[in-house]
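Below is one structure, written out as structure tokens; the observations come after it.
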Amino acid sequence: MPEGDTIFRAARTLHRALAGHVVTRFETAYAPLARVHDDTPITGRIIEAVEAHGKHMVMRFSGAVTGPLALRTHMRMHGSWHIYRPGERWQRPPREMRVLVATADLVAVGFNIVDAEFEAASAVGTRDAIADLGPDLLAPGFDAAEAIRRLRERGAVPIAEFRKFVGKA
């Protein structure tokens, strides 16, 4: 199962490879994602960023008429993202492809991703599974001293409950 550090490294790798590039092709095995692409095409948009939020990866796309979009994915047990050159043979069978985002130079393929959705980029973390997460320990802005202060304030709260308090004022 991919853990937070794996997702962080995958997001960083995808960001370095794709950010700033125009999407030339988008494919998906999921009807809801395909519908969004049909209504407000992903092709032609610029990939602005790829970020990790806990075990979620968010790929942000520039705005069109409808505004910036974000693709949130969660890899669950067996999902993964791979990067290939156009025409390069995939390491996984095509039947396992769930999401494909291509630029002129690279193809990012999400295999066996079970959880994927588009939303307005401004809504990321406000209503979805990311909203309940505490701060990301790997994020550049993580304030360890503030997190420890908040944890100490809570006294005998079980460790499993700390995530609810660390990121919220």
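Computed from the coordinates by the stated procedures, all read-outs in this text should not be read as laboratory data. Computed from a predicted structure; not experimentally measured. So basically every Cβ, Gly included, is an ideal-geometry build from the backbone, and we count neighbours across all protein chains shown.
Only residues that are under 16 Å from A102 (Cβ atoms), aliphatic (A, V, I, L, M) and assigned to a helix (DSSP H, G or I) were counted in the stretch 5-42, giving 5. Scanning the stretch 26-78 for residues being under 12 Å from E119 (Cα atoms) and either surrounded by fewer than 13 Cβ atoms within 10 Å (Cβ to Cβ) or basic (K, R) (or both) gives a total of 5. For the stretch 90-106, indicate whether the set of residues that are more than 20 Å from E48 (Cβ to Cβ), touching a residue at least 60 places away in the same chain (Cβ under 8 Å) and touching a Ser or Thr at 6+ places or on another chain (Cβ under 9 Å) is non-empty. Yes, because at least one residue in the stretch 90-106 is more than 20 Å from E48 (Cβ to Cβ), touching a residue at least 60 places away in the same chain (Cβ under 8 Å) and touching a Ser or Thr at 6+ places or on another chain (Cβ under 9 Å). Taking the stretch 20-47 as the search range and keeping residues that are touching a residue at least 40 places away in the same chain (Cβ under 8 Å) and among the charged types (D, E, K, R), which one is farthest from H78 (Cα to Cα)? The qualifying residue farthest from H78 (Cα to Cα) is R25.
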